[in-house]
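All remarks here apply to the structure that follows.
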Amino acid sequence: MPSRGGLIDARAIFTLLGRFYAMSLETFRQLFKRPFHTKEFIEQAWFIASVSLLPTLLVAIPFCVIIVFQINQLLAQIGAVDLAGAGAGLTVVREIGPLVSVLVVAGAGATAICADLGSRTIREEIDALITLGVNPIHRLVVPRVVASTVVALALNGLVTFFGLAGGFMFSVFVQDASPGLFVSNLNLLVGLPDLLTSLFKAAVFGMGAGLVACFIGLNVKGGSKGVGEAVNQTVVFSFMMLFFTNSVITAVFIQFAR
């Protein structure tokens, strides 16, 4: 990135943002162009899922348990620990599920996508595709973005299930909550709109992480060192975008859910 006195030039930032949005719009346009590269999509989806599945579970279970434990501590002080299911359903379904799943996708899958495309860029494979008349957005970016979106959706469901299961086990066997009341109160504070919002968040987060990874990977400079720096930038920019997007979606949902 161009810099001036150690500070990133504001004009360079807006230029990069413009190029990112241009690539994103081109990706959406190419998404409906045939043929869709199904084999590439399956390979990328399997790869992202394989590197993200175990870290997602290892992060989701203790994270959900800690949040449920803190909520139950507050409920126990007012003698309402049997409402633990309502608190667990609200936090896991609405926030923890999409955030945890896509943070792992951004940290594991997106970095792998960036490294792959970055390596192809410095080896001039992308330039070779363009010379041959092949659109790299259609051939490489679209399958990876769709794969990232689909895997994020799948992991969101997985995190929600294991998060609620872990919260149930911890609430019932450690904090003496009633198992029947825990299950019956799961939908006390959440409903179908919350579930749909959670799925929408996961899809948007996964798509965003894939777009960021592809954009940075296709714009790598500086050889192998540049690839390493691009991977680090992918993690940072993906997390920043995910938290900002989460705030916007949550604010809009709360506003219209009143």
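Please treat every number below as a calculation from the coordinates, not as lab data. Quick caveat, the model's predicted, so the values are computed rather than measured. No Cβ is skipped: glycine too gets one built from the backbone with ideal geometry, and neighbour counts run over all protein chains shown.
Quick notes on this structure:
- In plain terms, the residue of ILE67, ILE13, ILE113 with the fewest other Cβ atoms within 10 Å comes first and the most crowded comes last, giving ILE13, ILE67, ILE113.
- Ordering of 210-221, 186-197 by packing is 210-221, 186-197, highest average first (other Cβ atoms within 10 Å, averaged per residue).
- Taking segment 201-236 and a reference point 7 angstrom along Cα→Cβ of HIS37, the backbone N atoms nearer than 19 Å belong to 207-220.
- Candidates LEU58, LEU90, VAL104 compared by Cα position along the dipole of the chain: farthest toward the positive end lies VAL104, with charges placed on Cβ.
- Among the chymotrypsin sites (Phe, Trp or Tyr not before Pro) found in segment 3-72, those both in a DSSP coil and sparsely packed, with 12 or fewer other Cβ atoms within 10 Å of their Cβ, are PHE32.
- Summing Cβ point charges (Lys, Arg +1; Asp, Glu -1) relative to the Cα centre of segment 5-80 gives a dipole of roughly 300 debye.
- Magnitude of the charge dipole for segment 111-220, about its Cα centre and with charges confined to Cβ atoms of Lys, Arg (+1) and Asp, Glu (-1), is about 140 debye.
- As an equivalent ellipsoid, the chain spans semi-axes of 40, 19, 17 angstrom, where each value is the square root of five times an eigenvalue of the C-alpha gyration tensor, largest first.
- Packing-based exposure ordering (other Cβ within 10 Å, fewest first) of GLU124, GLU40: GLU124, GLU40
- Electrostatic dipole magnitude of the chain [Cβ: Lys, Arg +1; Asp, Glu -1; Cα centre; debye, to 20]: 720
- Modelled label positions at THR245 and SER178, each set 7 Å beyond Cα in the direction of Cβ, lie 4.2 nm from each other.
- Ranking ILE67, ASN156, PHE173 by how far each Cα lies toward the positive end of the dipole of the chain (charges on Cβ) leaves ASN156 at the top.
- Farthest towards the positive end of the charge dipole of the chain, among the residues ALA128, ALA202, THR38, is the Cα of ALA128, using unit charges on the Cβ of Lys, Arg, Asp and Glu.
- For segment 1-152, the share of alpha carbon pairs falling in successive 10 Å distance bins from zero is 10, 26, 27, 20, 12, 5, 1, 0 percent.
- Loop-located trypsin sites (Lys or Arg not before Pro) in segment 45-132 (DSSP state other than H, G, I, E, B) with a sparse environment of at most 13 neighbouring Cβ atoms within 10 Å: ARG123.
- Protection-proxy order for peptides 129-140, 234-245, each taking the mean of Cβ atoms within 10 Å per residue, highest first: 234-245, 129-140
- Contact order relative to length of the chain, as percent, for alpha carbon pairs under 8 angstrom and 6 or more apart: 30
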